[in-house]
Amino acid sequence: MTTDTSFERARQCFILGNTAFEAGRLDEAEKHFLASLLALPGRPSTLINLAATRLRLSRPADAIEPLRTAIAAQPGDAEAWHHLGTALLETQQHAQALRALDHAIALGQAKPAAHYRRGLALVALERPAEAAQAWEQTVSLDARFTAAWVDLGSLMRDLGRPARARECLERAIALGADDPLIRFQLAGLQETAATPEAPPRDYVEKLFDGYAEGFDNHLVEKLGYRTPQLLADGLSSTGADRFATALDLGCGTGLCALPLAPWVGRLDGVDLSAAMLDKARATGRYDRLAHGDVVDHLLKTERSYALVVAADVFVYLGALEPVFQGVKRVLGPGGVFCFSVEAWDEASDAEASAVGQSKGEASQPGYTLRTTLRYAHREAYVHALARDHGFQVCATQRHALRQDHGATVVGLCAWLRLPGA
Ligand SMILES: C[S@@+](CC[C@H](N)C(=O)[O-])C[C@H]1O[C@@H](n2cnc3c(N)ncnc32)[C@H](O)[C@@H]1O
C-alpha cells in the first residue's frame, strides 16, 4: 500500500531525476527515477522519464520494458509510444518500431522527430517511397530539421529525382550541414560542378561494411554481376598463360579469386572495408589481405606482382593517374593490369540516363561522377593513361556488367601489359 511518506519520497526523487535529466546528468537522473519507482512502483510518468533517460544514454534495449509497462497502464500516451518507437528503431526492430510510431502519430504525436523516425524505419523495411513521404512531412513540420533534408536528399537521388535531391541537399548545407558526403552527392547531381577525384573514404568504407553480408547474393544473383569472370576470361588476350603472383585491388568479398584460380599462383588482396575483407579471408584463397586504400597500398607494399586486377573498383575512384603510377611500381616487366570501368560515352550515356544523368563534355574530360555516386570513365582516357604509363593495350571489350534499377550498366574491360619478359 502506498503511504504518504513513500508518495512524497517518490515525488522528490522524480523531481531530482527531472532536474538531473535537464542538466544532462543522465546517470544521476536514472538513479533518481529508479529510486522513485522503488517508492512508487509502476507510475507511468516515472517509467517514461526513465526510458527517455536510457534512450539518451544510448541504451535503447533497456528503455523498452519500462515503456511497455507504462503503455499497459496508460495506452493513450502518445509520448510513450514515440519513445517506444525510438527504442525499437534503435534496436533494429523496424516493423515494430513503425507500428509504435504510427500509433504515436495517430494519438496526436505531432513532433517532426516522430515522422523522421518513421522514415528511418520505412527505409530499413525497404519502403523508400513511403519513407520519402515521411521525410517530406518532417521538413514541412520543421524546415530546420537538417538530418531530414540530408536523408531526403539521398533518398530522392536513389529514387531518380535529382532536382528534388539537389534542393534538399542544398537546404541541408544552408542549415550548416557540411559533410564531405553531402558535397560529394551534390557533385554527382550538378551538371556544372567540378568532378571530385575520389569519394570520401569513410563513405566507401561504411557503404561496403554495411553491404558485406548480402554482397555476393545481391550482386551476383540479383544484379547479374559477372565482371570477375569476364576479366579472367580476357587474360588470354595478354599472351600470358599463368601469373606467379597477383594482386586483387578492391578485392571485396573475394569474388575474383575463383575465376582467377587457374591463372594465378599466389594471390593477395587489398580493400578499404574490413567487413568485405573478412569475407575474402573466409574463402581461404588469398595469401595476404591488406586493409587500406588501393593507392596507399600500391605505393608502400614491398611485394611485386605479375598481375594486378581491379573488378568494379574504379567506379569508386575518379582520377586513375595515381592508381596507374602505383600499379606500375608493383608490376614487374611484362606485368599485366586488367580492370573494369563503367563506360562513359554517348552510347552508354543514353543507357545510363535510366539510372541517372551523366555530366556534359564540358565538366571534366576522362571521367564523370554519375547520380548513382559511381564514376564512369571514357575509353579514350583509359588509352591515354595506358600510353602515358608505358602500357600496351592488349584488348578492351564493352560488356553489360550488371543491372542497376532495371537498367543495364555498360562497362569497359581493359587488359594492359608492360613491355618486357
Ligand atoms: C563493387 S565492390 C567489388 C569487389 C570485388 N572486386 C568484386 O569484383 O566482387 C568494390 C570494392 O572496392 C572497394 N574499394 C572502393 N574504393 C576503394 C579504395 N580506394 N581502396 C580500397 N578498396 C576500395 C570497396 O570497399 C569494395 O569492396
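Things worth noting here:
- Test: residue in the range 174-183 that is surrounded by fewer than 16 Cβ atoms within 10 Å (Cβ to Cβ), at positive phi and either modelled with pLDDT under 90 or within 14 Å of the ligand (Cβ to nearest atom) (or both): no
- From the list ASP248, ASP268, ASP241, the lone residue that is surrounded by 24 or more Cβ atoms within 10 Å (Cβ to Cβ) and not in a helix (DSSP H, G or I) is ASP248.
- Each residue in the range 193-212 was checked for being exposed (fewer than 15 other Cβ atoms within 10 Å of the Cβ) and in contact with a strand residue (DSSP E or B) (Cβ under 7 Å, 6 or more places away or on another chain), and 0 pass.
- Every pair of residues 6+ apart whose Cβ atoms lie under 9 Å, when the first sits in the range 303-325 and is in the same structural domain as TYR381 (by TED's automatic domain parsing) and in contact (Cβ under 8 Å) with a residue 40 or more places away in the chain while the second is basic (Lys, Arg) and part of a helix (DSSP H, G or I): SER304/ARG329
- Qualifying residue in the range 226-238 (condition: over 20 Å from PHE324 (Cα atoms), surrounded by fewer than 17 Cβ atoms within 10 Å (Cβ to Cβ) and free of Cβ contacts under 8 Å to residues at least 12 places away in the same chain): yes
- Residue check for ALA261: over 19 Å from VAL327 (Cβ atoms) and either modelled with pLDDT of 95 or more or of a type in the set (D, E, K, R) (or both): yes
- Residues that are more than 12 Å from the ligand (Cβ to nearest atom), over 21 Å from VAL330 (Cβ atoms), within 19 Å of the chain's Cα centre (by Cα) and touching a residue at least 24 places away in the same chain (Cβ under 8 Å) do occur in the range 211-221.
- Candidates in the range 1-19 are the residues that are part of a helix (DSSP H, G or I) and either within 14 Å of GLY42 (Cα to Cα) or within 37 Å of the chain's Cα centre (by Cα) (or both); of these, the one that is modelled with the lowest pLDDT is SER6.
- One residue stands out in the range 320-358 among those that are farther than 16 Å from ALA414 by Cβ and under 23 Å from the mean Cα position of the chain (by Cα): the one that is modelled with the highest pLDDT, namely ALA352.
- Note on the range 281-296: residues that are without any contact (Cβ under 8 Å) to a residue 40 or more places away in the chain and closer than 16 Å to GLY254 by Cβ amount to 11.
- Residue in the range 251-265 that is farthest from the ligand (Cβ to nearest atom), counting only those that are surrounded by fewer than 18 Cβ atoms within 10 Å (Cβ to Cβ) and assigned to a loop (DSSP other than H, G, I, E, B): PRO262
- LEU47 being in the same structural domain as LEU16 (by TED's automatic domain parsing), free of Cβ contacts under 8 Å to residues at least 60 places away in the same chain, surrounded by fewer than 24 Cβ atoms within 10 Å (Cβ to Cβ) and more than 20 Å from ALA110 (Cβ to Cβ): no
- The residues of the range 249-264 that are in contact (Cβ under 8 Å) with a residue 40 or more places away in the chain and over 27 Å from the mean Cα position of the chain (by Cα), listed by number, are LEU260, TRP263, VAL264.
- Residue count, the range 82-104 (criterion: over 23 Å from ASN49 (Cβ atoms) and either hydrophobic (A, V, I, L, M, F, W, C) or part of a loop (DSSP other than H, G, I, E, B) (or both)): 3
The values are calculated or read from the model by the stated rules, or taken from the named source; none is laboratory data. Everything numeric here is computed off the predicted structure, so don't read it as measured data. Here Cβ is always computed from backbone atoms with ideal geometry, including for glycine, and neighbour counts include all displayed protein chains.
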